[in-house]
Each structure stands twice: as structure tokens, then as C-alpha cells.
Amino acid sequence: MASSSAAVVTRFAPSPTGFLHLGGARTALFNWLYARHHGGKALLRIEDTDHKRSTQDAIDAILSGLDWLGLDYDAPPVFQSARAERHAEVARQLLDAGHAYRCYATPEELEAMREAQRAAKQPLRYDGRWRDRDPAEAPADAPFTVRLRTPADGETVIEDQVQGRVTVQNAEIDDYILLRADGTPTYMLAVVVDDHDMGVTHIIRGDDHLNNAFRQLPIIRAMDAIEGSWPDPVYAHIPLIHGTDGAKLSKRHGAVGVEAYRDELGVLPEALFNYLLRLGWGHGDREELTRDEAIALFDLAGVGKSPSRFDLKKLQHLNGHYIREADDQRLSALVAERLGDSADLALLEQAMPVLKPRARDLNELAEGAAFLFRQLPFPLDEKAAALLDQDARARLAAIHTRFAAQNDWTIDALEASLKEMAEELGLGLGKLAQPLRAALTGTTSSPGIFDVLILLGKEESLARIGAQAA
Ligand code: GLU
């Protein structure tokens, strides 16, 4: 499966232990954009080896979140759990070539070792007690783990595309476990083998994995020494997302799952796509980019080194922009889903041009559209009720009489008529328009009052005005 071509191959490798969170979605986005920018391949791997914590719900949420964001993949997802045999095979190769060894230390011995290290205030790490021991000394039929023989001295240098040059002393990396006593592979081994077999050339992931890179590289280099064509991948460790208070993004900061932005917060996928893109990546002062522009411009050099701060207000502002840009038919369908059975798609579509400039998300859009589908008698909200005092209701009665005789039910004619009436009564236009809005919509905020009259039509408008007139 290894690719020998120079083409770029990236992968997104989520652990399905929770929903697709914003940080994961951004990692997925950067990998996808990098692959698309270079005309390479974007791959997906579900790291479901932790059977206790991985769930089908989480897998489904990840797949649907990626799909909703428009991130498509060039091959079906690889499930890590299905590849345990292959991982073990690589461990055996490492063992046979002397790059790994069997460790017979019991859990009790290892705990005693750590206890002693704690007491001596030393770092807790495996002390290499079976590294150079003659395997003949092994107790018969005793369980063993397979540990990597990591380089004892020298240093490992990574030219990280985001972090820059990072150097770690090899002595700091202990001989960690590749295969557990029950023969199952560890995460560290599985990641390396899968990346190799999938032909991954560029590993773009959260910088909480930077330390792992120094543990994963020795496996890669040992395998390269054994069979060749295990090149070092290019690494790019991107800073995590923080909240506006500077702490790592968590539930405390509000919703962290992509599906909550879609379902609860009414965010459009192109808005989240653009927001996540700009969160930690920049190209001059460009704020709004189309998908194609993002593909054309994305590079790792534009990824910042310091954590970016998630700002819900900015996302909502951007979402408002994309709502204004979005197609009316599409928005109507999305709003109808939120309004339920009462919604009439044709009417929503007709209303959309006057509704969408007022909304920052689909909830606000649905709220703004709700008046269209109210059935008489409907209650007034508090402000509207307060506005409709005796005088205002008398004015509504006069408006009702006048509008009943109005044959030309157009914005211009209705506007001229209401203005004329205001002049005759010596009142400001607002004194008529405000009660009118309250009666027609049950609220004090809506699109322009003449738009409302047109959308509701003459019959329904008169019925609603009549219901509040006195
Ligand atoms: N499965 C890991 C995670 O979800 C990512 C591993 C990797 O990217 O190497 O954090």
C-alpha cells in the first residue's frame, strides 16, 4: 500500500470517544485543504482501538460532521481496530531485527520501579531492565510485552512546519511498549504502521501530539533500516484552540461539538468552514474566503504558532454574512425544518429576502419567520401587548376601515395610504406603524411593515388588524 510517488497524502485520525469537536474539525479542515491544495489525497482513519471508550454514535457524529462541512475523502475510512494483526506483524519484524525486545517485568516490579523514581524525584520512565538482558534468563511461559529499543544517546530533530525546529535528547525517550502482554498493539505502534501503510506524507495534527512524534519516529527509522521505504513524514503540529479567556477550549466555553453548531446554534457549514479556517490560519487580512479560494491559498506557512481564541460572536457575525449570501430556496428549507409542519415553503421563499438581512443564525431566521404562520387568535408578546393601549386599538380600527377599501395591495400604494392617514390625523407614521406591527406579527420587531402586509396578503392582514382593533 505504501506510496512511492511524491504526491501529498494527508490523514485525519480522530478517536471516536466523543463527538467531532471544533479542534478536531479544524485539524480535519487543514489536512483536507493541504491535500486539495497540492492535488494530493485526503484520507480518514478512525482510531477506534480503545474499545471501552469508542462508540458507534461518536463514529456516526464524526462522519456526519465532516460530511456537513463538505470535507470529502479519497478512500473509505480505515478502521484502526481492524488492523491489529498488521500492527503485531511489524512488532515481530522489529523484534526479529533486534530493534525491539521482550520485557518480562511484572506490573508489580514496574510499580516498584516507579515508586523508587518518585521517591528519588526522578522522571518516571521504564529503566531498560530487559533491554540488554539475555532472553535465556526469561522465566518460562511468563507473559511479556514487546518494547522498542530506542536510541540511547544523541538527539532527534524535527523540522516542524508550524513549530519550527524542535530537538529532543534521545535519552529522554524510554523504551516504550509496542505490544502489550495480551498481544494487542499500543496506540503508538498502530499510528505509525497505519500512516505508513496509507502512504501518509504529511501529518498535520494538534500540538498535543508533538511529544508523540519523538516516540513515533524511532519506529519509522527502525523499519526503514529493516525494509526501506519508510520515509520520515513531514510534521505540522498546530496549536490548540482556546476560549476567549485563554484557557483550552472546553464545555465551560459553550458548545464544543460541531453538531451543536449545526443543530442548536443554526450555523451554516460554509460559515463554520470559513471561521475554523481563519482560526489559526491567515492570508493577509482576508476574512471571507470561498472554498475554492481557501484551497488555492492554504499553506502551512500561514498557520500561527500561538493558540487561537474561539470567539462565538465572530462566528455569529460571519454566519450572518453567509446567511445573507445564501440561496433563498436553501434557507427556506432549513428554516422550515426548524418551524415544523406549519411552515409553507413558497411563502418562506417569498419572505426570505426581507428576513435574512435581520438574522445571524437559522434560529433567528426561524424566529423572524414565525409570524408568517401564526393562526388567529394568537397571543401578543409583552412589548406588543403594552403597545396596544386603548388609543392604539382605536387607530387600528381606523386603519382597518381604510385598508378594507384599499384595492391596490402593493407596497407603494399601502405606504402612500398610511402616510396620508398619518397626515390627516396629525400623527407621526410610527403611531400607526407600531400598533400595526404588533397586530400583524404579535411582536414589536419584524421586517418593514409594508413587506409584512404584502407577505400576509389583504385578507389575513385585515383579519389580524381586526382582531386587535377596538
Ligand atoms: N487519534 C488521535 C486523536 O484523536 C490523533 C492521532 C494522530 O493524529 O496522530 O487525538
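Close amide H contacts of VAL9 (hydrogens built in the peptide plane, cut-off under 5 Å, sequence separation of 5 or more or a different chain): LYS41, THR201, HIS202. Considering only beta bridges that DSSP places wholly inside the chain, some 55 percent are antiparallel. Using alpha carbons only, how many degrees (0 to 90, rounded to 10) separate the axis of helix 269-278 from the longest principal axis of the chain? Rounded to the nearest ten degrees, it is 50.
Approximating the spin labels as points 7 Å out from Cα along Cα→Cβ, the SER417-to-ALA84 distance works out to 7.7 nm.
Quickly estimate the mean residue ellipticity at 222 nm for the chain, helices only: each DSSP H run with n ≥ 4 gives -39500 (n - 2.57), and the total goes over all residues, rounded to 500. Value at 222 nm, helices only: -14500 deg cm²/dmol. Distant-in-sequence amide contacts of HIS242, defined by a placed amide H-H separation under 5 Å and a gap of 5 or more residues or a different chain, comprise LEU249, SER308, ARG309, PHE310.
Based on the Cβ-Cβ distance from ARG114 to ALA398, what FRET efficiency comes out when R0 is 60 Å, to the nearest 0.05? That pair, ARG114 with ALA398, gives E of 0.10. Once C-alpha pairs closer than 8 Å and six or more residues apart are averaged by separation and normalised to the residue number of the chain, the relative contact order reads 13 percent. In sequence order, the stretch 46-56 has phi-based couplings of 8, 8, 9, 7, 8, 4, 5, 9, 7, 10, 5 Hz under the Karplus curve 6.51 cos²θ - 1.76 cosθ + 1.60, θ = phi - 60°, and Gly or Pro positions carry x. Relative contact order of the stretch 133-201, taken over Cα pairs closer than 8 Å and 6 or more residues apart, is 29 percent.
Taking every alpha-carbon pair within the chain, the share separated by more than 40 Å comes to 42 percent. What angle, in degrees between 0 and 90 and rounded to the nearest 10, separates the Cα long axis of helix 390-404 from the longest principal axis of the Cα atoms of the chain? That works out to roughly 80 degrees. Helix 107-119 and the longest principal axis of the C-alpha atoms of the chain enclose an angle of approximately 80°.
Cross-link list LYS313/LYS458; LYS41/LYS313; LYS121/LYS251; LYS356/LYS419; LYS41/LYS356; LYS41/LYS251: which exceed 31 angstrom alpha carbon to alpha carbon? Mind showing how you got there, number by number?
Details: LYS313/LYS458 39 Å; LYS41/LYS313 34 Å; LYS121/LYS251 35 Å; LYS356/LYS419 27 Å; LYS41/LYS356 37 Å; LYS41/LYS251 33 Å.
Over 31 Å apart, Cα to Cα: LYS313/LYS458; LYS41/LYS313; LYS121/LYS251; LYS41/LYS356; LYS41/LYS251.
Ranking TYR34, PRO379, ASN211 by Cα position along the charge dipole of the chain, where only Lys, Arg, Asp and Glu carry charges on their C-beta atoms, puts PRO379 farthest toward the positive end.
Write out the trypsin sites (Lys or Arg not before Pro) in the stretch 84-156 meeting two conditions: DSSP loop, and at most 12 other Cβ atoms within 10 Å of their Cβ. Those satisfying the criteria are LYS121. Here the Karplus relation 6.51 cos²θ - 1.76 cosθ + 1.60, evaluated at θ = phi - 60°, turns the backbone of the stretch 88-104 into coupling constants of 5, 4, 5, 4, 5, 4, 5, 5, 4, 8, x, 8, 9, 8, 8, 10, 9 Hz, with x for every Gly and Pro.
Counting other C-beta atoms within 10 Å, and keeping those with at most 16, which DSSP coil GluC sites (Glu not before Pro) do you find in the stretch 229-285? Before the final figure, lay out the partial values.
Values: sites: GLU259, GLU264, GLU270; in loops: GLU264.
Within the stretch 229-285, the qualifying GluC sites (Glu not before Pro) (loop, at most 16 other Cβ atoms within 10 Å) are GLU264.
Of the peptides 73-83, 170-180, 199-209, the order by per-residue mean of other Cβ atoms within 10 Å, starting with the highest, comes out as 199-209, 170-180, 73-83.
Select from ILE399, LEU289, PRO107 the residue farthest towards the positive end of the dipole of the chain; place +1 on Cβ of Lys and Arg, -1 on Cβ of Asp and Glu, and compute about the Cα centre. About the Cα centre, the residue reaching furthest to the positive side is ILE399. Under 5 Å between amide hydrogens, built in the peptide plane, is the criterion, and for LEU178 it picks out VAL146, ARG147, LEU148 among residues at least 5 positions away or on other chains. Pairs of Cα atoms nearer than 8 Å and 6+ residues apart set the relative contact order; for the stretch 411-470 it is 30 percent.
The HN-Hα couplings worked out from phi for the stretch 24-39 by the Karplus form 6.51 cos²θ - 1.76 cosθ + 1.60 (θ = phi - 60°) are x, 4, 5, 4, 4, 4, 5, 4, 5, 5, 5, 5, 5, 4, 9, x Hz, whole numbers, x standing for Gly and Pro.
Using the Cα centre of the stretch 249-399 as the reference point, and only Cβ charges (+1 on K/R, -1 on D/E), how large is the resulting charge dipole? Debye, rounded to the nearest 20. Mind showing how you got there, number by number?
Working: 20 positive and 25 negative charges, 109 e Å.
That gives a dipole near 520 debye.
Between the stretch 146-161 and the stretch 305-351, the C-alpha centres lie 49 angstrom from each other.
Bear in mind these aren't lab numbers, they're just calculated from the coordinates by the rules spelled out. Owing to the predicted nature of the structure, the values given are computational and were not obtained by experimental measurement. Reconstructed Cβ throughout: ideal geometry from the backbone, glycine too, with neighbour counts over all protein chains shown.
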